[in-house]
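Inspection log for the structure reproduced underneath, given as structure tokens.
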Amino acid sequence: SGKIVSRGGREQFKQMYGRIETRARFDSGQGLWPAFWMMPVGFNERSIYGHWPQSGEIDIFEGINYMTKAHSTIHYGSEKQHAFKGCSYTSKDGFTGFHNYAVEWAPWGRFKF
């Protein structure tokens with residue numbers, strides 16, 4: 001597993017709307033939970049959005065165990081009440097081959113995976 005954190009300067013990745021995409025291959029197996037997801041800038045500190053889930057999370061891809069099904073989810077809510085909306089989908093090759101994964105985020109609040 002790995003984590004990419006962009007911090008400071010010109011290299012910091014900040015994008016509120018638009019399309020975020022990657023091409024990736026994920027391993028599968030009992031106990032694995034591969035994912036491609038985004039958290040807001042400053043989510044580890046007390047940001048203007050608050051702590052998770054107030055700050056939000058966008059799961060572009062989440063696979064569990066042998067990955068016959070994958071999930072894309074938006075997490076939000078208050079510290080006392082976590083809310084989420086998402087979708088699930090299947091793949092004939094079980095997601096272990098290379099695929100493009102993306103989310104499109106519109107200014108009026110619509111998400112498309």
Full extension between residue 83 and residue 28 adds, at 0.36 nm per residue less the Cα distance, a length in nm of 17.1 nm
Loop-resident trypsin sites (Lys or Arg not before Pro) in region 82-113 with no more than 12 other Cβ atoms inside 10 Å, DSSP not H/G/I/E/B, are 92, 110
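Read-outs: derived from the displayed coordinates by stated rules, not from any lab. From a predicted model like this one, the values you see are computed outputs, not experimental measurements. Methodologically, a virtual Cβ is constructed for each residue, glycine included, from the backbone with ideal geometry; neighbour enumeration extends over all protein chains shown.
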